[in-house]
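Structure, as structure tokens:
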Amino acid sequence: MYKIKNHPVDPDYAKDANITEQQYQAWYKESLEQPDQFWAARAKQFLDWSKPWSSVNEYNFAKGETTWFKDGKLNACYNCIDRHLEKRGNQVAIIWEGDDPSEDLSITYRQLYEQVGRLSNALLAQGVKKGDRVCLYMPMIPEAAYAMLACARIGAVHSVVFGGFSPESLKDRILDSDCQVLITADEGLRGGRSIALKENADKALAHCPDVRCCLVVKRTGAEIGWNNSRDVWYHDAVADMSPDCPAQEMDSEDPMFILYTSGSTGKPKGVMHTTAGYMLGSAMTHRYILDYREGDIFWCTADVGWITGHSYIVYGPLANGATTLMFEGVPTYPDASRCWQVVDKHKVNTFYTAPTAIRALMSQGNEPVKKFSRASLRLLGTVGEPINPEAWEWYYNVVGETRCPVVDTWWQTETGSIMIAPMPGAHTLKPGSATVPFFGIEPALVDNDGNELQGACEGNLVIKRSWPSQIRSVYGDHQRMIDTYFSTYPDTYFTGDGARRDEDGYYWITGRVDDVLNVSGHRMGTAEIESALVLHDAVAEAAVVGYPHDIKGQGVYAYVTLMAGIQPSEALRKELLDAVSKEIGAIAKPDLIQWAPGLPKTRSGKIMRRILRKIAANELDTLGDTSTLADPAVVNELIDNRANR
Ligand code: PRX
């Protein structure tokens, strides 16, 4: 067992930190005991309003109703750009670092204002109105941020779809939220390879007759298909537009964006966030947990297709007037020292990434890290999945040279911003622990019957009261939100995660307790992958589980039962992998496929996933009771023929 070493706050670091231990305690207490007073003060401090609110917070979890800053008026884009112009017009807002190390750009707040204004006017000219949904299927280029901000500026609701998703997934998301405008690029570039975004978009749009306009950014200049009645070059659309576009006055609770995420059943859900609470959550956590200080260069390596990219590349940093770095490429291209080369080149102070990236870099040894000084780094962060203490220590010792605290931040698409994490000047760090709740967050652990557990214990992680950046709805299916998050345990938000709490009150996230996988920090539902597999004619049945994977955290393990008379083959294995890529995207491809003549089922026909998970993890001595299975012999057959790894 790995010995976990605590890291007390470094006084040198704490001197200039935004929050001290004492302040954390006092503010946390106030945030729970006098929430209205606490949040009203923060809403005034962090955001500019055109009209004040009439009440701070009202909520009813059972009905899925939540209002923060009722009747208040503001605009998210104004808060990210306009209000900074006077003081920071010439300060760099976005540093863009291309996939190719020779390409980069610096965009000042003034330039950002103009770019976003032009695009806002172009969208208005295309007939986009307040409340309309606009889909973004973009590479990591500045236009992705312009597009998000332009939507926010005119009150349109963006739905960003990760560029790694397949045409099929893109189509489903466009149709589900009834988007009539799509913004994409000819191609994306990642790790020296191009991604055929427009070609994928064309395949998706063939089934989306309501999309009347597709704006296309020219990124690589590749040959692409063109539909004259629908497609418009982005540069043409903005060319004659004024840089000035008034920001639409939005209500606090007006929808701001939709972001699809996977659950344990059915198709991905369109998680809906609204304006004021989301902006407050992302700005405040960026300041206190990512300890943003005036003049910092902040780099979050996520893609804007995920919530981390929304909150910590775009909205949180820009609301705080920061310089945010947006990276088009991957950490290992051209080689494993790329991140550190970028850190030195742009003098990055805070580096925020996923454990999977840390493990991948760690596997390349220390040399690539040592090639660069990393002298500008002050703080390191992780997000997306549990971090193993070995990787945490490597990050802390080798990357940060014991000088930079590591903040392990737990949160979700649905939570909008960080929920459980240390504040680097306030908390002793324990490698592998997400640490303590943010202001106003009241976590609890409950057993499977919903009884709250006390003291040091392990259970299901729930949140007992509303917080500003909380999910407001599932687009088009409000009941699904109530059923998914607010029905499992009464009067609480259920996270779907398990956690342990230690004697110091620190939380240790143990991972999902439902059928959701977390592969390289990407969240996917086992049911989605199973559906993609059974679409293939040769497949009778499929069951997908996660298994421990050194780099990815979890790998995808698929048990596949073929139709009678069909023989397994390498060619068929490849066809199945392609089928998953086509339906969902390459990120969901199974790492291992095991041909399974039968699956362990109860007498009522339910697949016993617990057993499949154990077999996949090679944990054969803890299989548990198999006597209730309809055919217990199936288990030995599966054990004897485990997939090669
Ligand atoms: O299981 C938890 C894991 O990621 C899930 C949320 O995934 P998603 O909505 O895609 O958002 C990821 C980025 C915020 C959670 O239910 N997770 C996220 N952060 C951590 C984590 N697990 C352990 N430790 C974390 N720091």
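The values are calculated or read from the model by the stated rules, or taken from the named source; none is laboratory data. Here the structure is a predicted model, which is why all the values come from computation and not from measurement. Positions of Cβ are generated from backbone atoms using ideal geometry, with glycine treated the same way; all protein chains shown enter the neighbour counts. Areas reflect the complete protein model, heavy atoms only, side chains present, ligands, DNA and RNA absent. Shrake-Rupley method; radii C 1.70, N 1.55, O 1.52, S 1.80 Å.
What percent antiparallel are the DSSP beta bridges of the range 252-379, to the nearest 5?
45
For the range 582-621, which trypsin sites (Lys or Arg not before Pro) are in a loop by DSSP, counting at most 14 other Cβ atoms within 10 Å?
Here the trypsin sites (Lys or Arg not before Pro) that fit, given the DSSP loop and packing criteria, are R603, K606.
Past 30 Å, Cα to Cα, is the threshold; run K171/K552; K171/K589; K370/K430; K267/K464; K203/K347 against it and keep the listed order.
Working: K171/K552 27 Å; K171/K589 19 Å; K370/K430 25 Å; K267/K464 27 Å; K203/K347 41 Å.
In this structure, K203/K347 exceed 30 Å between Cα atoms.
Only helical DSSP H runs with n ≥ 4 go in: add -39500 (n - 2.57) per run for the chain, normalise by residue count and round the 222 nm mean residue ellipticity to 500 deg cm²/dmol.
-8000 deg cm²/dmol
If you stretched the chain out fully between A456 and D48, how much longer would it get, using 0.36 nm times the residue separation minus the C-alpha to C-alpha distance?
Roughly 142.7 nm would be gained on extension.
What length, rounded to one decimal in nm, is gained on full extension from E637 through to R403, with 0.36 nm per residue of separation minus their alpha-carbon distance?
Value of the extension gain: 79.0 nm.
With just the Cα atoms defining each centre, how far is the range 9-53 from the range 323-353? Give it in Å.
If we compute the Cα centre of each part, the gap is 30 Å.
Ignoring ligands, DNA and RNA, what percent of the 1.4 Å accessible area of the chain is carbon and sulfur?
48
Note down the net charge around G450, summing +1 for each Lys or Arg and -1 for each Asp or Glu among other residues with Cβ under 14 Å from its Cβ.
Around G450, the surrounding residues sum to -3.
With only alpha-carbon pairs counted, each pair once and no self-pairs, how large is the Kirkwood hydrodynamic radius of the chain in angstroms?
Hydrodynamic radius (Kirkwood, Cα only) of the chain equals 25.4 Å.
Counting heavy atoms of the protein chains only and a 1.4 Å probe, report the per residue accessible area for the range 434-535 as a whole number of Å².
On the way: 3610 Å² over 102 residues.
Accessible area per residue: 35 Å².
Setting aside same-chain residues fewer than 8 positions from K87, which aspartates and glutamates have a Cα under 20 Å from its Cα?
D48, E114, D244, E294, D296
Which of the cysteines in the chain are isolated, no other cysteine C-beta under 4.7 Å?
Singleton cysteines: C77, C80, C151, C208, C213, C214, C245, C300, C339, C404, C457.
In Å², what does the accessible area per residue of the range 253-369 work out to with a 1.4 Å probe?
Computed with neighbouring chains in place, this is 22 Å² per residue.
Counting only other residues whose beta carbon sits under 10 Å from that of G496, what net charge do I get with K and R as +1, D and E as -1?
Numbers: positive: R512, R523; negative: E414, D497, D514, D515.
Once positives and negatives cancel, what remains is -2.
To the nearest 0.05, how large is the calculated FRET efficiency for R613 and K574 if R₀ is 22 Å and r is the Cβ-Cβ distance?
Computed FRET efficiency for R613 and K574 comes out at 0.30.
Taking loop as defined by DSSP and a crowding limit of 16 other beta carbons within 10 Å, which trypsin sites (Lys or Arg not before Pro) in the range 192-225 fit?
Taking the range 192-225 and a limit of 16 other Cβ atoms within 10 Å, the loop trypsin sites (Lys or Arg not before Pro) found are R212, K218.
Please give, to one decimal in nm, the separation of the simple spin-label points placed at L85 and A125, each 7 Å out from Cα toward the Cβ.
2.0
Please compute the contact order of the range 155-276 in relative form: average sequence separation of alpha-carbon pairs under 8 Å and at least six residues apart, divided by the residue count, as a percent. Write out the running numbers ahead of the final one.
Values: 175 pairs, mean separation 31.7, N = 122.
Relative contact order here is 26 percent.
With point charges of +1 on the Cβ of Lys and Arg and -1 on the Cβ of Asp and Glu, referenced to the Cα centre of the chain, which listed residue (M279, S102, F438) lies farthest in the positive direction of the dipole?
S102
Taking the Cβ of Y260 as the center, what net charge do the other residues with Cβ under 10 Å away carry, scoring Lys and Arg +1 and Asp and Glu -1?
+1
Kyte-Doolittle mean at least -1.0 and Cα extent at least 15 Å along the axis: which DSSP H helices of the chain qualify?
Details: long enough: 21-33 (18 Å, -1.82); 35-46 (16 Å, -0.87); 109-125 (24 Å, -0.22); 142-154 (18 Å, 0.83); 275-288 (20 Å, -0.15); 570-583 (20 Å, -0.56).
Sorted by number, the helices that extend far enough and score high enough are 35-46, 109-125, 142-154, 275-288, 570-583.
Of the beta bridges DSSP finds with both residues in the range 95-193, what % are antiparallel, to the nearest 5? It would help to have the intermediate numbers written out before the result.
Working: 4 of 12 bridges.
Counting DSSP beta bridges with both partners in the range 95-193, the antiparallel share is about 35 percent.
Find how much the distance from A222 to H235 grows on full extension, using 0.36 nm per residue of separation minus their present alpha carbon separation; answer in nm with one decimal. Each step should come with its number before you reach the end.
On the way: separation 13, 0.36 × 13 = 4.68 nm, distance 1.55 nm.
Gain on stretching A222 to H235: 3.1 nm.
Return one whole number: the accessible area per residue of the range 49-133 in Å², for a 1.4 Å probe.
44
Roughly speaking, what is the centre-to-centre gap between the range 102-175 and the range 260-288 when only Cα atoms are used, to the nearest Å?
17
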